[in-house]
Amino acid sequence: MILIPVKYHTRNYPPHINPKIDEIAAHLDVSKISVTRNFSLHTEYSYGKRELNSELLKAFPGLKNAHKEGVPQLWYTEHWAIEFADFIKLLCNGKKPTIIEIHPPFSDYINNIDHFLIIYQKFEESILSYSPMTKILIENRSGSIYKGGKFLVSRGQDLRNLCDNISAKNLKLRIALDIPQLLTAYGGPVGLEPEALSNILKRQNILQSMTDCIHLWGKKRNESGRIISHSGDLNTYFENQKKKEIFLEWIANFLQDNQSRYFVPEVNSSDADLNSIINDLERKEVKFA
């Protein structure tokens, strides 16, 4: 039940937790990175529009031209996947990332998981020839301004199908399970009855052996009542103590094996909110390396 903490932006963990790996933005508008220790690249996630006009991107017309109204279309072709690997290598400038987090394509140009993985395989071959020890993780996604398609990996069944296909193709790809995005795909925890929440979470237990990273963050309402993502803690996220405890019991059980996993707390609001989430996890005897 060990989580390896990743330093997320400027957020500070409690004093007894000392992260030794940094999350580094590596979306398609990034033209250089600065790293001094182990790092995890958070690559393009296609939430909104990009400029797609950096000097670095000029060398990669396949990446530059694959978009709809400025929103990048990930994994558009096998050529796109090869260019994406070369883009990352150039961005790293000889440094070897500990982790590369990627994100799924949209359903209007990629038909199914098998289609996606045929394209993705070109990327994996290229990256692992450059840096054999790098972990490549795919994060489930829910939410974008993109029009005409939805993310191919969003709900639990999508993740389970993905894992089956990864195993069948003997790929190295593993899962970065973003729990709030998973629940968003089902309408979010506030609108779910406790039993429904419990059932959704328990259905993901089959993902345990393929999950190498956990993303966790909160949501909270602003003064007008609008829910703001990546803000608040688990209290403001669930708005219900029973649901929060259902979640904490589930994640403690999910982590109850001999596998260490990375932990990315995507909390933008405050150190206090991050510390509240950490305290809740530690109360359930989750340990941080």
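Quick one: how many residues across the stretch 77-134 are within 26 Å of His215 (Cα to Cα) and either touching a Cys at 6+ places or on another chain (Cβ under 9 Å) or assigned to a loop (DSSP other than H, G, I, E, B) (or both)? Selection size over the stretch 77-134: 16.
Yes/no per residue for (1) in contact with a Lys or Arg (Cβ under 6 Å, 6 or more places away or on another chain); (2) assigned to a helix (DSSP H, G or I); (3) closer than 28 Å to Glu23 by Cβ; (4) not hydroxyl-bearing (Ser, Thr, Tyr):
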| position | (1), (2), (3), (4) |
| --- | --- |
| Lys172 | no, no, yes, yes |
| Ile175 | no, no, yes, yes |
| Leu182 | no, yes, yes, yes |
| Gln204 | no, yes, yes, yes |
| Leu207 | no, yes, yes, yes |
| Gly232 | yes, no, yes, yes |
| Glu245 | no, yes, no, yes |
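Please give the number of the condition Tyr130 fails out of (1) buried (at least 19 other Cβ atoms within 10 Å of the Cβ); (2) of a type in the set (Phe, Trp, Tyr); (3) within 20 Å of Thr98 (Cβ to Cβ). Failed condition: (1). In the stretch 27-84, of all residues being closer than 17 Å to Tyr120 by Cβ and among the small types (Gly, Ala, Ser), the one that is surrounded by the most Cβ atoms within 10 Å (Cβ to Cβ) corresponds to Ala81. Within the option set Gly148, Gly191, Gly143, being among the small types (Gly, Ala, Ser), modelled with pLDDT under 95 and at positive phi holds for one residue only, Gly143.
Against the definition (hydroxyl-bearing (Ser, Thr, Tyr), modelled with pLDDT of 95 or more and over 27 Å from Pro72 (Cβ atoms)), how does Ser167 come out, yes or no? It is true that Ser167 is hydroxyl-bearing (Ser, Thr, Tyr), modelled with pLDDT of 95 or more and over 27 Å from Pro72 (Cβ atoms).
Annotation: of all residues in the stretch 169-217 being of a type in the set (A, V, I, L, M) and in contact with a Ser or Thr (Cβ under 6 Å, 6 or more places away or on another chain), the one that is nearest to Asn240 (Cα to Cα) is Ala185.
The values are calculated or read from the model by the stated rules, or taken from the named source; none is laboratory data. Just so you know, these numbers come straight off a predicted model, no measurement behind them. Don't worry about glycine lacking a Cβ; one is built from the backbone with ideal geometry, like all the others, and counts go over all protein chains shown.
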